[in-house]
Amino acid sequence: MAILNDVKQALGIFYSETNKDTEISNIIAGAKAFLLKGGWPSADLAANAETPEAKQAIIIYAKMAINTDP
């Protein structure tokens, strides 16, 4: 759950709503899948144990996903 809070904070979302949390969780899952396919070590992306570099990559992915959402 920590990565969800980190991503929400980076996106400027300071509230909890089930639908929004689900949307962001799906974006995080997509980011992790993208990074794994790109060769990122799976240990760096383990739930609640993401490395700082992995967190930053996920945040960048989430910002891109939110900013390009029609």
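The values are calculated or read from the model by the stated rules, or taken from the named source; none is laboratory data. What you are looking at is a predicted structure, and each value in this text was computed from that prediction instead of being measured. For neighbour counting, all protein chains shown are included, and Cβ atoms are generated from backbone atoms with ideal geometry for every residue, glycine included.
Restricting attention to segment 38-70, the residues that are of a type in the set (S, T, N, Q), under 13 Å from the mean Cα position of the chain (by Cα) and exposed (fewer than 12 other Cβ atoms within 10 Å of the Cβ) add up to 1. Selection over segment 23-37 of residues that are over 14 Å from Ala2 (Cα atoms), within 12 Å of the chain's Cα centre (by Cα) and not charged (D, E, K, R) gives a count of 7. Among the conditions (1) at pLDDT 95 or above; (2) touching a Leu at 6+ places or on another chain (Cβ under 8 Å), Ile66 misses just one, which is (1). Would you check if Ala47 is modelled with pLDDT of 95 or more, small (Gly, Ala, Ser) and either touching a helix residue (DSSP H, G or I) at 6+ places or on another chain (Cβ under 6 Å) or not in a helix (DSSP H, G or I) (or both)? It is false that Ala47 is modelled with pLDDT of 95 or more, small (Gly, Ala, Ser) and either touching a helix residue (DSSP H, G or I) at 6+ places or on another chain (Cβ under 6 Å) or not in a helix (DSSP H, G or I) (or both). Summed over segment 16-44, residues that are assigned to a loop (DSSP other than H, G, I, E, B) and polar (S, T, N, Q) total 1.
The residue of segment 1-31 that is surrounded by the most Cβ atoms within 10 Å (Cβ to Cβ), among those that are at pLDDT below 95 and among the hydroxyl-bearing types (Ser, Thr, Tyr), is Ser16.
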